[in-house]
Structure formats: structure tokens, C-alpha cells
Amino acid sequence: MAINLLEVTTPGLVYTCLGGFVVAFSMFSLLVKETFYLNEVVLGTAFGIAIGPHGADIFAPRSWDFSTTFITREITRIVLATGLFAIGVELPKSYMARHGKSLLVMVVPTMAIGWLIVA
């Protein structure tokens, strides 16, 4: 069985839209943030609503099969981990020394509860 690589599928269209949004947002984010005083979260959420099931209905992951849902979850985990790593790198050097105890109190129980729920 040959796979038609040029076939337009819903997940492929979604990945293309998301990639195009990331490129366009990277190019124009400073202009948009300074002109309209909006941050990345508001713009990303608005884009998600616009292409989601309540907008243009391009991105409707509930209608996909299991393998596509699995791929979408894995991509989401990678994006989340990359974003958190970038935030951690941007912290000042003295942040951990000043806020280490409060981070320990908040992060360790939260991670333990998350691991128990997932397991």
C-alpha cells in the first residue's frame, strides 16, 4: 500500500497553520506587542479560538483518530518543556538563592501529586 504524501489531511493542515502562526508571530510579535499592548498569551489564545472548533473549525482534535491525538499530545509536551526551559534560563542567577525554599514547597508536592495522578 502506497501512502499518498501529498494528500491534505486535517492534522497536516493544523500543523501547517500552527507553524505559519509561529513564524508570523516571531516576525511581528514586537510590533504587535508595542502597538496593541498585547502579550503572547492573548495572541496565541485568540489564534487558537480562531482556528478551533468554535471558529473556522480547522483544528478539531476530538474528531481525530488515536494516533493523531497521541502525536498532538507529544508535540504539546515538547513545546511545554521547551517553553519552561526557556523561562528557567531567563531567570536571574540569584533567583534560586532568594526563592529556593518557596519553590521547593510549591514544586515538589505539585510534581508528586501530578506523578501520582498520571501513574
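When T68 is tested against (1) over 25 Å from E40 (Cα atoms); (2) at pLDDT 80 or above; (3) surrounded by 10 or more Cβ atoms within 10 Å (Cβ to Cβ), only condition (2) is not met. Once the range 83-102 is narrowed to residues that are more than 30 Å from V22 (Cα to Cα) and not hydrophobic (A, V, I, L, M, F, W, C), the residue that is least open to solvent (accessible area, probe 1.4 Å) is G100.
Restricting attention to the range 45-59, the residues being exposed (fewer than 14 other Cβ atoms within 10 Å of the Cβ) and either modelled with pLDDT under 80 or in a loop (DSSP other than H, G, I, E, B) (or both) number 5.
Hey, any hits in the range 106-113 for a residue that's free of Cβ contacts under 8 Å to residues at least 40 places away in the same chain and surrounded by fewer than 10 Cβ atoms within 10 Å (Cβ to Cβ)? Scanning the range 106-113 turns up no residue that is free of Cβ contacts under 8 Å to residues at least 40 places away in the same chain and surrounded by fewer than 10 Cβ atoms within 10 Å (Cβ to Cβ). Do you know which residues across the range 6-42 are closer than 15 Å to T72 by Cβ, part of a helix (DSSP H, G or I), modelled with pLDDT under 80 and more than 14 Å from the chain's Cα centre (by Cα)? Across the range 6-42, the qualifying residues are T10, P11, G12, L13.
Residue-by-condition table, conditions (1) within 24 Å of T45 (Cα to Cα); (2) part of a helix (DSSP H, G or I):
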residue	(1), (2)
R62	yes, yes
T72	yes, yes
K93	no, no
R98	no, yes
V108	no, yes
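The values are calculated or read from the model by the stated rules, or taken from the named source; none is laboratory data. The structure displayed is predicted, hence computed values, not measured ones. Virtual Cβ from ideal backbone geometry, glycine too; neighbours counted across all protein chains shown. Note: accessible area is taken over every heavy atom of the protein model, side chains too, but ligands, DNA and RNA are not part of it. Shrake-Rupley method; radii C 1.70, N 1.55, O 1.52, S 1.80 Å.
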